[in-house]
Amino acid sequence: MGILDRFFGKGKDYPPLEPDCEAARKIEKVRKELETLAKDVKDPLEVIPGTETSYVFIGKPPRKYGMAFIQNGQVLNLQSFAQKKKLSETDVAKLSNRLTDVYSQNQSSQRYSTQIGDRPIVVNPSGSLKQALDGLLGAEAKV
């Protein structure tokens, strides 16, 4: 059945996120935004929780994915980030390539699962991934 799971979308089974850990507290701060995103987007979600900004990989990184940011009660996508930063198409393509590289370099980090609304999501509390994303997208991705 494992090969069928790959084709039909059953994801990996990650251990549950402990409700009293730091990552869970950060997830709770953006739960409402994550619930909205989970309703709007049918693709898998992987959250990298942060204090000021949480990043969300949408889809199947590092190959085919989108990205969102949750900050100050708002959900922004990579396209709106690029528009606010006035990035050219070439710069967006370079940024996307760097995001892919950063994610790939952190693929071995421990992940957990939690429930947001009626959907399971993946939580990746990797400090090195969060730091790399902050470095690429600006300190705490202030948009």
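The values are calculated or read from the model by the stated rules, or taken from the named source; none is laboratory data. Please read all numbers here as calculations on a predicted model, not as lab measurements. Backbone-built Cβ (ideal geometry, glycine too); neighbour counts: all protein chains shown. Just the protein is used for accessible areas: all its heavy atoms, side chains included, with ligands, DNA and RNA removed. Shrake-Rupley method; radii C 1.70, N 1.55, O 1.52, S 1.80 Å.
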Counting only Cα, what are the radius of gyration and maximum Cα-Cα distance Dmax of region 26-107, in Å? 12.7, 36
Quick one: angle between helix 89-105 and the longest Cα principal axis of the chain, in degrees between 0 and 90, rounded to 10, please. 40
Determine the distance separating the Cα centre of region 10-51 from the Cα centre of region 55-100; give it in Å without decimals. 18
Among DSSP beta bridges lying fully in the chain, give the percent that are antiparallel, nearest 5. 90
At a 1.4 Å probe radius, carbon and sulfur cover how many percent of the accessible area of the chain? 50
In nm², what is the average projected area of the convex hull enclosing the Cα atoms of the chain? 8.6
Using only the alpha-carbon atoms, how far is helix 31-40 inclined from the longest principal axis of the chain? Give it as 0 to 90 degrees, nearest 10. 90
Does anyone have the angle between helix 127-137 and the longest principal axis of the chain? Alpha-carbon axes, 0 to 90°, nearest 10? 30
Could you give the dipole magnitude of region 70-143 about its Cα centre, charging the beta-carbon of Lys and Arg +1 and that of Asp and Glu -1, in debye to the nearest 20? 100
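Return the subset of 39/84; 64/94; 60/84; 26/130 for which the Cα-Cα distance in this structure is over 18 Å, preserving the input order. Kindly include the intermediate steps, with their values, before the conclusion.
Working: 39/84 25 Å; 64/94 15 Å; 60/84 25 Å; 26/130 13 Å.
Flagged as over cut-off: 39/84; 60/84.
With +1 on each Lys and Arg Cβ and -1 on each Asp and Glu Cβ, and nothing else charged, work out how big the dipole of region 1-138 is about its Cα centre, in Debye to the nearest 20.
Values: 21 positive and 17 negative charges, 71 e Å.
The calculated dipole for region 1-138 is roughly 340 debye.
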